[in-house]
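Student: First the structure, then my questions, so here it is.
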Amino acid sequence: EAQVTQNPRYLITVTGKKLTVTCSQNMNHEYMSWYRQDPGLGLRQIYYSMNVEVTDKGDVPEGYKVSRKEKRNFPLILESPSPNQTSLYFCASSFGSLGSEAFFGQGTRLTVV
Amino acid sequence: EDKVVQSPLSLVVHEGDTVTLNCSYEVTNFRSLLWYKQEKKAPTFLFMLTSSGIEKKSGRLSSILDKKELFSILNITATQTGDSAVYLCAVVSGSRLTFGEGTQLTVNP
């Protein structure tokens, strides 16, 4: 089954404790991206990657890092999480450069206390 | 800065009504416009529009793009309670995807 898998689905952590949210897709998609969704602000792009070892900032990259060492994986790293990073996070992938349908993971609800 | 604006932000209708959701945009290097439906979980794809004036249709849902006036509409006819969701519009500009805030649609029996 074609899918984008994120882990964990739910996470409560403390300020400053490094964490990684994993994202994996099995569709051989080149393009992958991360979004955060907040009430009243909609979905905002954090980082995207057009292929292995090619990443770029989206609209809200501050406080986040990503890496793309393999085509299927695109982890999101929070080196020192803060409460304003409490949000619902989605990973998405699409074939080719963006312009085609994006497939979304099930989301990770992160709470930073 | 790329901008996508959806209206209305929320809408409550009765089953059987027809609704029109709006999406306007201001972006550089427009490539396509996408509509998604989100029901308490991950967004699911509805339509992708790239050409002006060509209607995309799937069952009771249809959408059209006007590239001259920079907007798109999503129509849902004969609404059902299962249509209750947030409908998201997103525009692909260059290598980036910008979403609107979404329209919360509630269909009451």
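The values are calculated or read from the model by the stated rules, or taken from the named source; none is laboratory data. Predicted, not measured: the structure shown is a model, and the values here were computed from it. Using ideal geometry, Cβ is built from the backbone for each residue, glycine included, and neighbour counts are taken over all protein chains shown.
Student: Would you list the strands (runs of 3 or more DSSP E) that sit entirely within segment B:1-96 and hold 1 or more residues that are more than 18 Å from A:G40 (Cα to Cα)?
Tutor: B:10-14, B:19-26, B:30-38, B:44-49, B:56-58, B:61-66, B:71-76, B:85-93
Student: Quick one: in segment A:55-86, which of the residues that are more than 14 Å from chain B (Cβ to nearest Cβ), in contact with a strand residue (DSSP E or B) (Cβ under 9 Å, 6 or more places away or on another chain) and among the small types (G, A, S) is surrounded by the fewest Cβ atoms within 10 Å (Cβ to Cβ)?
Tutor: A:S82
Student: Out of (1) assigned to a strand (DSSP E or B); (2) more than 17 Å from B:Q38 (Cβ to Cβ), the odd one out for A:M27 is which?
Tutor: Of the numbered conditions (1) assigned to a strand (DSSP E or B); (2) more than 17 Å from B:Q38 (Cβ to Cβ), the odd one out for A:M27 is (1).
Student: Something else: Within segment A:77-96, count every residue that is modelled with pLDDT of 95 or more and under 22 Å from B:G102 (Cβ atoms).
Tutor: Matching residues across segment A:77-96 total 8.
Student: Residues in segment B:89-109 that are buried (at least 20 other Cβ atoms within 10 Å of the Cβ) and either among the β-branched types (V, I, T) or free of Cβ contacts under 8 Å to residues at least 60 places away in the same chain (or both): how many?
Tutor: Residues flagged as buried (at least 20 other Cβ atoms within 10 Å of the Cβ) and either among the β-branched types (V, I, T) or free of Cβ contacts under 8 Å to residues at least 60 places away in the same chain (or both) within segment B:89-109 amount to 5.
Student: Suppose the filter is touching a residue at least 24 places away in the same chain (Cβ under 8 Å), small (G, A, S), surrounded by 20 or more Cβ atoms within 10 Å (Cβ to Cβ) and within 22 Å of B:K37 (Cβ to Cβ); does A:S33 pass it?
Tutor: In short, yes.
Student: Scan segment B:34-44 residue by residue and report those that are facing chain A (nearest Cβ under 10 Å) and either acidic (D, E) or under 10 Å from the mean Cα position of the chain (by Cα) (or both).
Tutor: Correct list: B:L34, B:Y36.
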